[in-house]
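The values are calculated or read from the model by the stated rules, or taken from the named source; none is laboratory data. From a predicted model like this one, the values you see are computed outputs, not experimental measurements. Positions of Cβ are backbone-derived with ideal geometry, glycine not excepted, and every protein chain shown enters the neighbour counts.
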Amino acid sequence: MAQAVEQALEEKRHLIVEAGTGTGKTLAYLLPVIRSGKRVIISTGTKNLQEQLFYKDLPFLEQALFGESASGSRLSVCYMKGRNNYLCRKKLYDLTDQPVLSGLDEIGQYRAIAAWEKTTQTGDRAELAELPEASLLWHKLDARSDACIGQKCSQWERCFITEMHRKAMESDIIIVNHHLFFADLAIKLQADGAPDAGILPEAAAVIFDEAHEIEDVAGNYFGISVSNLRVEELARDVEASLQHHRMMSPSLSGALGSLRERSQFFFSLLPPGQGRFAFETRREFLEENGDEFLAFNQALTRLAGELENLPQKPEEVFNFARRAQEIQVQLDYAMESEDRNTVFWVERRGGRGSDRTGYCADREGRGFSRAEKGRTGKGASTPEGATGSRQNVFLQATPIDVGPILRECLWSKLECAVLTSATLAVGGGFDYITQRLGLEHARESVLPSHFDYQSQALLYVPPDLPDPRTPQFGAKAAERIRKLLEITRGRAFVLFTSYAQMNEIHQRLLGELEFPMLRQGDAPKSALLEEFRLTPNAVLFATSSFWQGVDVQGEQLSCVIIDRLPFAVPSDPVVAARVKAIDADGGNAFFQYQVPAAVITLKQGFGRLIRSLHDRGLLCLLDNRILKKQYGRVFVESLPNYKRTTEMRVVEDFFGVS
């Protein structure tokens, strides 16, 4: 793999590599990157992998290549996260002058952040281990771009984002995650090549690790999202700033009140529904509610005008006016655009009757839960409970096919791109991923893992269970899971494609199992993982966020059970639009899109089990359509060479149970 990456860098050619778990992918691309002497951006799927690269893999290679005397001086490396991971000093100092804190928790958090600000070199909230993950105070203090006034800020020279940008400009290796990379690319596209746009410098090459996630992440950032939450955040920021500067007037107060009222009314009129659903009736909606749409638009215009007319206004007021105009432009696009490569949809979160998770399902049935994106716009995350129990409504527009966009604005502009993951190939080839990403003329390589899957892993598919789409499946599946866990003595992940299925099976097994039972949602993900690692014979019931990026080595994880083939639900608006587009183009969306996407997800889920040469255990798929349906062969041919069985007796023998 290292030789292939080195050749790609030298020849300025794109490369796509599937390298099985345990191959040493990170060392394989880092070594030629270091040797090349070029500036390279490495984009990863998770912050955990960023940290592994920065704190473990690169220091190891530096010592191996340059010896003990290197002392960190030979490699120039920068580690960057999204802006909302960093403290904004100006916000902190403004809050000092006029504190708006809610309760004792926020007061305690504020004191801790204020003390930490005096000593931190990075401003990265990861250094604040005691700060709760869902801290609402951090949301008021982070460095997200909405409130940034750039070089006109009084703290510009001391700004953590400024310092991060300086380091990036001086670094040869820049480690980011996909969300930051594509947020930055989207900003540069909007700015149409403006020199100061974005924070990532130009690079000779980009390495995309965990490249199977690119389509979804890029789709999010090339799309738009307008919500009542985003409007309320703008109104709240304007109010706080103008009150702080004693510039609030009756006319401005009236403009804010009108905007809030018009926004809430407009978003309340959007079609009802739960979770994510297509908005195919935009034209009819505007015919019926054109006056309300116009009134909302006019309220945004009025606020922007009031802000621009303020005399001797602070710099941040210009930013507020820009934000109001940006919402207006995106609102017009979401309601009136006829772009055929865009799907328009609505998402409702919070409040009664909503589904905060988003989910996917198989072609004919229920679904595979997706991790919540939690975005209020490009790159902005929504903290839990930020607006109490009121329902937040998001009007979304997402590209149906990101391939042409990536081909034009990324692949054609880069000297070299390397895409790698343990799960990119379907049936031994890359047709699916290259087509979805618009990647042409790339070299391709599939490198098997050095694990001995024949002896280390057993794949069991019970032939007698009912179809997962039938009502009988839950009870039968729970009974089979109980028998399997008795054989493995717990030590298992039981992974589900929906929260409903997870909760049903968990409820059925309560009191039936003698092993400690952990469930996603009962504690933060990191705490659940730590408890699983430390608790003998534990069983973790979980959904999508535990299907990938989770590493538990040794006997503690000796079994992974998956409830069904993880097909994306056809009613999800983005999935439905992609299916419709492929079929309309004369293709077969089920075999070209839905099956390959499910294959990659299944490979990710099963990949949790064997993480080292010494791991050994059972994989179980409770969905026997993999044996009975024509498309099942694609799944089987895409999986590693596990030993396979349909008999419980073989499972017992594997664990030495008589």
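Per the conditions (1) within 25 Å of K140 (Cα to Cα); (2) under 27 Å from the mean Cα position of the chain (by Cα); (3) at pLDDT below 95, the sole criterion not satisfied by D216 is (1). Scanning segment 288-340 for residues that are outside any helix (DSSP H, G or I) and not polar (S, T, N, Q) yields a total of 7. Tell me which residues, restricted to segment 164-184, are in contact (Cβ under 8 Å) with a residue 12 or more places away in the chain, in a helix (DSSP H, G or I), more than 15 Å from N48 (Cα to Cα) and not aliphatic (A, V, I, L, M). Residues satisfying the conditions are H165, K167, E170, F181, F182, D184. In summary, R236 fulfils each of the numbered conditions (1) of a type in the set (K, R); (2) in contact (Cβ under 8 Å) with a residue 12 or more places away in the chain; (3) within 30 Å of C153 (Cβ to Cβ) with the single exception of condition (2).
Could you tell me whether segment 3-10 includes any residue that is small (G, A, S), surrounded by 15 or more Cβ atoms within 10 Å (Cβ to Cβ), more than 29 Å from the chain's Cα centre (by Cα) and outside any loop (DSSP other than H, G, I, E, B)? Looking through segment 3-10, none of the residues is small (G, A, S), surrounded by 15 or more Cβ atoms within 10 Å (Cβ to Cβ), more than 29 Å from the chain's Cα centre (by Cα) and outside any loop (DSSP other than H, G, I, E, B).
Sub-8 Å Cβ pairs linking a first residue in segment 1-19 that is within 11 Å of Y29 (Cα to Cα) to a second residue that is β-branched (V, I, T) and exposed (fewer than 15 other Cβ atoms within 10 Å of the Cβ), at least 6 apart or interchain, are V17/V446, ordered by first then second residue.
Output the residues belonging to segment 212-267 that are hydroxyl-bearing (S, T, Y), under 30 Å from V575 (Cα atoms) and part of a loop (DSSP other than H, G, I, E, B).
None; the set is empty.
If you go through segment 521-538 one residue at a time, do you hit one that is under 25 Å from K643 (Cβ atoms), among the aromatic types (F, W, Y), in contact with a strand residue (DSSP E or B) (Cβ under 7 Å, 6 or more places away or on another chain) and surrounded by 16 or more Cβ atoms within 10 Å (Cβ to Cβ)? No, every residue in segment 521-538 fails to be under 25 Å from K643 (Cβ atoms), among the aromatic types (F, W, Y), in contact with a strand residue (DSSP E or B) (Cβ under 7 Å, 6 or more places away or on another chain) and surrounded by 16 or more Cβ atoms within 10 Å (Cβ to Cβ). Taken over segment 236-272, the residue count meeting the criterion of being among the aliphatic types (A, V, I, L, M) and either within 28 Å of the chain's Cα centre (by Cα) or surrounded by 22 or more Cβ atoms within 10 Å (Cβ to Cβ) (or both) is 5.
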